[in-house]
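Notes for the one structure printed next.
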Amino acid sequence: MMRMLIAVGLLAIVSAAGFAKEAAPLADDPVLEKRLMNLAGEIRCLVCQNQTIADSQAELAADLRNEMRIQMRRGASDQDVIDYLVARYGDFVLYRPPLKATTVLLWSGPAILLVMGIVLLTNGLMRRREHDAEEPITDAVRARAQELLGTNSQTERT
């Protein structure tokens, strides 16, 4: 029995090793790596979309970091790298896209939805109020309700 447990444990370890990845090499230039990670913190991962490429483990994020690293080694400024990524992937790649004609809806969308929600809620409440005001409770309706509830007018009066 003990041999079987050891065999299963070794099999689990060997199969887990198959998913291991190569460790990232240490930075040749720590200043460049720090600059890269600061800039990568401003770029959206196109796979994850809710992470920056600095935080993402997706292969595309690693490729983008490598491309940024190559450009920085060539002497590109941070703005040059950002311009390259925006030209290739559009403003969506930026975590904080600039306010311009193509992104106005992106920036104003939440406010527009809030106003539309308030208008719809107000209209619904006004219609309900008008509907309730149009139908006063008549004696016949009241008598029918009392009949359904099993009460009569004499028990209410006493």
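Every number in this text was worked out from the coordinates using simple rules, so none of it is lab data. Since this is a predicted model, take the numbers as computed values, not measurements. Methodologically, a virtual Cβ is constructed for each residue, glycine included, from the backbone with ideal geometry; neighbour enumeration extends over all protein chains shown.
Over region 28-98, what is the mean sequence separation of C-alpha contacts under 8 Å (at least six apart), divided by residue count, expressed as relative contact order in percent?
Normalised by residue count, the contact order of region 28-98 is 30 percent.
Within 12 Å, Cβ to Cβ, of Q71, how many net charges do the neighbouring residues add up to if Lys/Arg are +1 and Asp/Glu are -1?
Summing Lys/Arg as +1 and Asp/Glu as -1 gives +2.
Which residues' amide hydrogens lie under 5 Å from the amide hydrogen of T52, considering only partners 5 or more residues apart or on another chain, with H built in the peptide plane?
C45
Summarise the long-distance tail of P(r) for region 48-144 by giving the % of C-alpha pairs beyond 15 Å.
Tail fraction, whole percent: 76.
Summing -39500 (n - 2.57) over the DSSP H runs of n ≥ 4 in the chain and dividing by its residue number, what mean residue ellipticity at 222 nm do you reach, to the nearest 500 deg cm²/dmol?
That calculation yields -21000 deg cm²/dmol at 222 nm.
If you add up the charges near P97, with Lys and Arg at +1 and Asp and Glu at -1, over every other residue whose beta carbon is less than 10 angstrom from its beta carbon, what do you get?
+2
In whole Å, what three semi-axes, largest first, describe the equivalent ellipsoid of region 28-98 built from its Cα gyration tensor (square root of 5 times each eigenvalue)?
18, 14, 10
Just to verify a number: FRET efficiency for L106 and A58, C-beta to C-beta distance, R0 = 22 Å, to 0.05?
0.45
Going by average Cβ density within 10 Å per residue, which order do the peptides 88-101, 105-118 take, highest to lowest?
In descending order of packing, they fall as 88-101, 105-118.
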